[in-house]
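See below for the structure under consideration.
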There are 2 protein chains.
Amino acid sequence: MQLAEGDNHMVNQKWLLTFMSLAETRHFTLTAEKLHMTQPGVSQHIHKLEAQLQTPLLHRYGKQFELTLAGEKLYAYGLQAQALHTELAQSIELDDPLQGQCRIACSGALAMYLYPFFLNYQSRHQGISISLEAAPNQNIINDLLENKTDIGIVTQEQFSEQLTQTYVGEQALQLVLPKQYENENISFDFLNSLGFINHPDGFHFLEKVLKANNFSDYKNRENVHIKGYINQLSQILSPVSKGLGYTVLPASAVAQFESVDMLSIAALEFKVSEKLYLTKKRHRELPARYQWFEQKIKDLLGN
Amino acid sequence: MQLAEGDNHMVNQKWLLTFMSLAETRHFTLTAEKLHMTQPGVSQHIHKLEAQLQTPLLHRYGKQFELTLAGEKLYAYGLQAQALHTELAQSIELDDPLQGQCRIACSGALAMYLYPFFLNYQSRHQGISISLEAAPNQNIINDLLENKTDIGIVTQEQFSEQLTQTYVGEQALQLVLPKQYENENISFDFLNSLGFINHPDGFHFLEKVLKANNFSDYKNRENVHIKGYINQLSQILSPVSKGLGYTVLPASAVAQFESVDMLSIAALEFKVSEKLYLTKKRHRELPARYQWFEQKIKDLLGN
DNA sequence: CATCATCAAAACAATAAGTTATGATTTATT
DNA sequence: AATAAATCATAACTTATTGTTTTGATGATG
């Protein structure tokens, strides 16, 4: 084992403890007694520290000493390190349900719907910090597997041994058209002539609507005419409201659009909806603070 | 050596390092290679940590695992501890003259005079934090000896081997009377009839004036009539300005009083002044940030 | 189902730490 | 000023701790 020159190692905390006691008592022998060791032990600890940090920690004069600058810095470091450790010990013992970061990932539509409720909760409990990530299904799954998020809400059942899923409700999908086609008889050909405004989950949603037999002139795997793509949820409906195309979105996302009166929702013979699954990592225990979020999600999405 | 139950000891940082690497790689063997140790060593480190913290750190399932809550907290702790240590290593290497706390102690009069200059410096260098303590001479000496302050300005020479002193200038002492006695012929009897307004250094100052042979009717150890006491420097001159008594103060303190025009300064035949000594602990090296302060004090007080 | 990979356990070797004994200075006392 | 007491440093030695080797059980992989 070769010893690296610029030592990577952290300060040995036994030596540090000895040094701190020495800095407080200013007395080797007293320190030794306090720490139930012998005086030469104290000397050795200090020397080892000085060797490791490559700088003297004590200005010795006669049998007395003062701390050097490095010594004072080391002492200050020791105090901080002790405080940090105390904090750790405390935090391990209790799992405060109103303290800490909560990482949740879901679709943009759900994020817009859920976020106000979460923020309200956060404003009542300042110790809570919320990190809500809007992302496509597959990214959510990956983030969960890599421990980058803790709770995910996805629309597809996953068959990974690593994950657990619970059904929490479903969201209706709506076929959204410009207002001007409100009473139009909608066919797949008509939609294709208008053009599809795509978004992260757009194609998946559209496929569900099409495969539900809502259009007699649609055959599987037929080409869809795509007129644009936007991944900002709040802006997906803009081109639709201006007559530039159609799209498919969850009802909750449509309802939040500022100019809903510029849109029309096509009446579908076969209603289409997406099941929502609250997804977590199977072998991972979540802190108590997540309980409120799980319950709230079930309450808000359940039907 | 008996082992305490509620362990006082901090987390062994070698074990911690192993744990952190394991948390990152999620792989015992890989961690062992990375840290130039063997796989059983990694296992042992984790077990020792779990024993010390009295809680499992890993949820094991098959040959895989997830961190428990305690595990995640320990990991977060490790990150902070590493950051702290990096900070230490950097701070030991360099002695930033514009960063850190500066502790200075002096008399109230000097504090009022010096503080504005210090604050101006601090406002130009936000990393500097100033702690200026106004205290009597003896307290300043004690604070120095106990490392509670770093620079002291005192008016008396100390003969402690522990201290070094350098003369930095002197301050004239003024006998301050109510305006109405401006042209009065001042005798000790007259002063006694008026009454002395005492303050922390008041008696010491008065004694210097009296012992300088300024009053033919004063004999040593004669009783002084004390009319009041106040230890807020800015308020000492209030009773004087209202005609209630006299006092002795350094010229700099008198000049700062808001209603100087309500006061008169007695013309003394034998001028009296106090020598000022910048005092530090002999064997103690001060950080570079103190250099500016020492120079500024010399500049401001030198004559 | 066989092979490989991974983690755990026990026995042992290597390393590190702490203690005793001793020496050199300094401080306190007479 | 001389002597005694106290304090810290050094070296040799003992003990404790740590890490490795060897071996074994269990789960993943083709």
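Tabulated data
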read-out: Within 10 Å of each Cβ in A:81-89, the average number of Cβ atoms from other chains; value: 5
read-out: Largest-first principal axis extents, alpha carbons of the stretch B:155-201, Å; value: 48, 19, 16
read-out: Computed Kirkwood radius, in angstrom, where 1/r is averaged over Cα pairs of the stretch B:1-126; value: 18.5
read-out: Residues listed by number, the stretch A:49-91, amide nitrogen under 14 Å from B:Asp96 label point at 7 Å toward C-beta; value: none
read-out: Shielding of A:56-66 by partner chains, average beta-carbon count, 10 Å; value: 2
read-out: Summed buried accessible surface, chains A and B, 1.4 Å probe, nearest 100 Å²; value: 3600
read-out: Compactness of the stretch B:218-303 as Cα Rg over 2.2 N^0.38 Å, two decimals; value: 1.49
read-out: Measure of compaction for the stretch A:257-303 (Cα Rg per 2.2 N^0.38 Å); value: 1.81
read-out: Whole-angstrom gap from the stretch B:259-299 to the stretch B:51-115, using each part's C-alpha centre; value: 39
read-out: Copy-to-copy label separations for B:His59, where each label sits 7 Å from Cα toward Cβ, in nm and ascending; value: 5.6
read-out: FRET efficiency, 1/(1 + (r/R0)^6) with R0 25 Å, evaluated for A:Ser160 and A:Glu269 via beta carbons; value: 0.10
read-out: Most positive-pole-ward Cα, B:Gln101, B:Pro56, B:Gly71, against dipole of the stretch B:31-109 from beta carbon charges; value: B:Pro56
read-out: Modelled FRET efficiency - R0 41 Å, A:Ala172 with B:Thr86, Cβ distances, 0.05 increments; value: 0.15
read-out: Distance (nanometres) between label positions extended 7 Å along Cα→Cβ at A:Glu182 and A:Glu207; value: 3.4
read-out: All-pairs alpha carbon distance profile, the stretch A:46-89, 10 Å steps from 0, percent; value: 28, 42, 24, 6, 0
read-out: Full-extension gain in nm, B:Leu300 to B:Ile130, via 0.36 nm per residue minus C-alpha separation; value: 59.5 nm
read-out: Nearest-first distances (nm) between copies at A:His85, label 7 Å from Cα via Cβ; value: 1.3
read-out: Rounded percent of accessible protein surface that carbon and sulfur make up, the protein assembly as shown, 1.4 Å probe; value: 50
read-out: A:Ser259 paired with A:Ala288, simple spin-label distance in nm, labels 7 Å along Cα-to-beta-carbon; value: 5.0
read-out: Chain A: Cα Rg divided by the 2.2 N^0.38 Å rule of thumb; value: 1.62
read-out: Antiparallel bridge percentage (DSSP; both residues within the protein assembly as shown; nearest 5); value: 65
read-out: Sequence of A:His27, B:His199 when ordered by accessible area, the most exposed leading, probe 1.4 angstrom; value: A:His27, B:His199
read-out: Ellipticity estimate at 222 nm from DSSP helix runs (n ≥ 4, -39,500 (n - 2.57)) divided over the protein assembly as shown, nearest 500; value: -13000 deg cm²/dmol
read-out: Cα-Cα over 21 Å, subset of A:Lys48/B:Lys14; B:Lys14/B:Lys48; B:Lys211/B:Lys275; B:Lys34/B:Lys63; A:Lys275/A:Lys298; A:Lys48/B:Lys48; value: A:Lys48/B:Lys48
read-out: Cβ-based net charge around B:Val260, under 13 Å, with every Lys or Arg adding one and every Asp or Glu removing one; value: -2
read-out: Accessible area in square angstrom per residue, the stretch A:171-274, 1.4 angstrom probe; value: 53
read-out: Inter-copy separations for B:Thr25, label at 7 Å along Cα-Cβ, nm, ascending; value: 4.1
read-out: Mean Cβ neighbour count within 10 Å, used as a protection proxy, ranking A:216-227, A:63-74 highest first; value: A:63-74, A:216-227
read-out: Helical segments meeting 27 Å axial Cα length and Kyte-Doolittle -0.5 threshold in chain B (DSSP H); value: B:69-93
read-out: At R0 = 45 Å, FRET efficiency that the Cβ-Cβ distance of A:Gln64 and A:Asn142 yields, to 0.05; value: 0.15
read-out: Scattering profile of the protein assembly as shown at q = 0.06, 0.10, 0.12 Å⁻¹ [log10 I(q)/I(0), Debye over alpha-carbon scatterers]; value: -0.62, -0.98, -1.16
read-out: Scattering curve values for the stretch B:171-274, log₁₀ I(q)/I(0), Debye with Cα scatterers, q = 0.20 Å⁻¹; value: -1.00
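The values are calculated or read from the model by the stated rules, or taken from the named source; none is laboratory data. Given the structure is predicted, the values throughout are model-derived calculations rather than measurements. All Cβ positions, even for glycine, are placed from backbone atoms using ideal geometry, and neighbour counts span all protein chains on display. Side chains are part of the model used for accessible areas, which takes the heavy atoms of the whole protein and leaves out ligands, DNA and RNA. Shrake-Rupley method; radii C 1.70, N 1.55, O 1.52, S 1.80 Å.
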